[in-house]
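The values are calculated or read from the model by the stated rules, or taken from the named source; none is laboratory data. Since this is a predicted model, take the numbers as computed values, not measurements. FYI the Cβ positions are ideal-geometry reconstructions off the backbone, even for glycines, and counts take in every protein chain you see. To get the accessible areas, we keep the full protein, side chains included, count just its heavy atoms, and leave off ligands, DNA and RNA. Shrake-Rupley method; radii C 1.70, N 1.55, O 1.52, S 1.80 Å.
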Amino acid sequence: MTIKRQLLTINQRSVDVRIGEGALEELSSFAGGIVGKPKRAFLLAGADIDQSVLSNVERGLVDAGFGIELQVLPADGNPRSFAAATSLFERFGRAGMTEDDLVLAVGDVPLCSLAAFVAKLWCGGMACALVPTGLDGMTMLATEMSPLGEGEAFGMVSLLPQPSMVICDLSFLPAMDQDARLGGYVRMVGAALSDGKRFWDSLTQRAGDLVSHDADALTDLLVSTMIARRNIVKAVNPAARRALSYGTVTARALKACLGDEVPGYALLAEGMAFEARLAVEACNLDAQVVFDQDDLLFDLGIDELPCKLDAKDLVDAIRAEQLRHSNRTMLALPRSIGSIRFAAVDDELLLRHAEAYTASRAELVED
């Protein structure tokens, strides 16, 4: 089997990415190179991980020379909680983990984010390998973590993750949770829009191959997504580094209005659709780009969200989310394919688009 290797250099550090069907079966051949001398590995896994997968990972680590400390996060555990991070720090201490050891996580985005967070803080930085089981994690975890936080601090605690390795085993795809798969597609669309016409055209042309689980298309587009996101986080211009937040403010606002029942991928897709329309007036974005983005999301199996909500409530939620994260009421909006930058949107423009958006989505609701 062929395993694609891609090095992503971010702030003088490299993330070693391995992509391919059966990549985990090759773990023993490259896990030892993550640290100077293999000794201890802390294996963190979700409760939903198949035992055969877990056994495969353990065997690979042992063959690479590691002794293993295993922690399976309980099914009712919350990997976004401060308690989960504190518990791992305590386990690290009891296990004698040092800056020369390895943390390896197998699971969804929250679990892998927790591992990346604690690994970066322990002893000032410990090697971390991530094995995301969803396409959303494969697209984002080399460059972004899902924030931790509870109560008033919900979603507020994060850092730039620095995993030493991300292993994307495409054999997870056939049985992958739909939310995780579609979440990956939405992030690919955002990355392509930020990167430029070449990636945008490639994603548009190969959307059908992606949906049909073509391994070559998935590998190529994953690599392009990771490179595009890498370029965002290492950009010299601070405004350019905000491109990863495209669609996220509106997505969080929609979540505040609609509750927890709507999948995260749908909220992000709706946030991107709404903010792209704002950009036509606020940033002179070509309207054809908006229609092309809608078509691309549809081709990837992501439908518009039927919902009823008040336009003013949505505007208030957007403003609240902006002020919760920043002192500036600005949104990351596309100016063209290949350019997403901060832009101010006045209340009149925001309300007018919110009224049009809420009316269009209410029409989709079945009586």
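In the stretch 99-158, the ratio of gyration radius to Kirkwood radius, Rg to Rh, stands at 0.99 when only Cα atoms are counted. Measuring with a 1.4 angstrom probe and ignoring ligands and nucleic acids, E25 comes out at about 110 Å² accessible. Calculated from the alpha-carbon coordinates, the stretch 125-175 shows an Rg and a Dmax of 12.9, 39 Å respectively. Pairs from the list K255/K308; K120/K234; K197/K312; K39/K234; K120/K197; K197/K308 with a Cα-Cα gap above 24 Å: K197/K312; K39/K234; K120/K197; K197/K308.
Of the peptides 126-136, 346-356, the order by per-residue mean of other Cβ atoms within 10 Å, starting with the highest, comes out as 126-136, 346-356.
Cβ-Cβ distance of D310 and S55, R₀ of 41 Å, FRET efficiency by 1/(1 + (r/R0)^6): the value works out to about 0.20.
With the simple model of a label 7 Å out from the Cα in the direction of the Cβ, T86 to D216 spans 5.3 nm. Calculate how steeply helix 248-258 sits against the longest principal axis of the alpha-carbon atoms of the chain, using the helix alpha-carbon long axis, and give the answer as 0 to 90 degrees to the nearest 10. Roughly 80 degrees between the two axes.
Extension gain, E150 to V62: 0.36 nm times the residue separation minus the Cα-Cα distance gives 28.0 nm. Evaluated on the stretch 223-367, the Kirkwood hydrodynamic radius is 15.6 Å, with distances taken between all distinct Cα atoms. For a modelled paramagnetic label at A320, 7 Å from Cα along Cα-to-Cβ, no residue of the stretch 46-85 is in reach, as no backbone nitrogen comes under 20 Å.
Once the Cα atoms are used to define both axes, helix 178-195 deviates from the longest principal axis of the chain by about 70 degrees.
Positive end of the charge dipole of the chain (Lys, Arg +1 and Asp, Glu -1 on Cβ, about the Cα centre): tell me which of V345, A269, M145 has its Cα farthest that way. Towards the positive end, the residue furthest out is M145.
A Förster distance of 30 Å, applied to the separation of the beta-carbon atoms of D177 and L364, puts the FRET efficiency at 0.80. Here the stretch 66-138 is assigned +1 on the Cβ of each Lys and Arg and -1 on the Cβ of each Asp and Glu. Its dipole about the Cα centre then comes out at about 120 debye. Rounded to the nearest percent, how much of the accessible area of the chain (1.4 Å probe, protein heavy atoms only) is carbon and sulfur? For the chain, the apolar C and S fraction of the accessible surface comes to 47 percent.
Amide H contacts for R341 (H built 1.01 Å from N in the peptide plane; partners 5 or more residues away or on another chain; cut-off under 5 Å): L333, R335. Placing a pseudo-label 7 Å from each Cα along the Cα-to-Cβ vector at S158 and Q12 gives an inter-label distance of 2.5 nm. Counting only protein heavy atoms and a 1.4 Å probe, the chain has 44 square angstrom of accessible area per residue.
The antiparallel fraction among DSSP beta bridges confined to the stretch 1-126 stands at about 35%. The base-10 log of I(q)/I(0) for the stretch 1-56, evaluated at q = 0.17 Å⁻¹, reads -0.76 [Debye formula, identical scatterers on Cα atoms, solvent excluded]. Taking 20 °C and 1.002 mPa s as conditions, the chain diffuses translationally at an estimated 101 µm²/s according to Stokes-Einstein applied to its Kirkwood radius (Cα pairs). Across all C-alpha atoms in the stretch 40-155, the radius of gyration and Dmax reach 13.4, 45 Å. Here the stretch 158-277 is treated as a Stokes sphere of Kirkwood radius computed over C-alpha pairs; at 4 °C and 1.567 mPa s its diffusion coefficient rounds to 84 µm²/s.
Taking the DSSP beta bridges in the chain as the whole, what percent of them are antiparallel, to the nearest 5? Within the chain, antiparallel bridges account for around 35 percent of the total.
The order of S224, S146 by accessible area, most exposed first and with a 1.4 Å probe, is S224, S146. For the stretch 48-182, the dipole from Cβ point charges (+1 on Lys and Arg, -1 on Asp and Glu) about the Cα centre works out to 180 debye, to the nearest 20.
How far is the Cα center of the stretch 113-161 from the Cα center of the stretch 39-105, in Å? One Cα centre to the other: 14 Å.
DSSP assigns beta bridges within the stretch 88-231; of those with both partners inside it, close to 10 percent run antiparallel. Karplus-based coupling profile of the stretch 269-279, in residue order and whole Hz: 4, 5, x, 5, 5, 5, 6, 5, 5, 4, 5, with θ = phi - 60° in 6.51 cos²θ - 1.76 cosθ + 1.60 and x standing for Gly or Pro. Each residue of the stretch 76-83 was assigned a 3J(HN,Hα) from its phi angle through the Karplus curve 6.51 cos²θ - 1.76 cosθ + 1.60 (θ = phi - 60°); the sequence is 9, x, 10, x, 8, 7, 5, 4 Hz, with glycine and proline shown as x. Each of S158, A175, L305 was scored by the projection of its Cα onto the charge dipole of the chain, and the greatest displacement toward the positive side belongs to S158; charges sit on the C-beta of Lys, Arg, Asp and Glu.
Here D310 sits with roughly 80 square angstrom of accessible surface, probe radius 1.4 Å.
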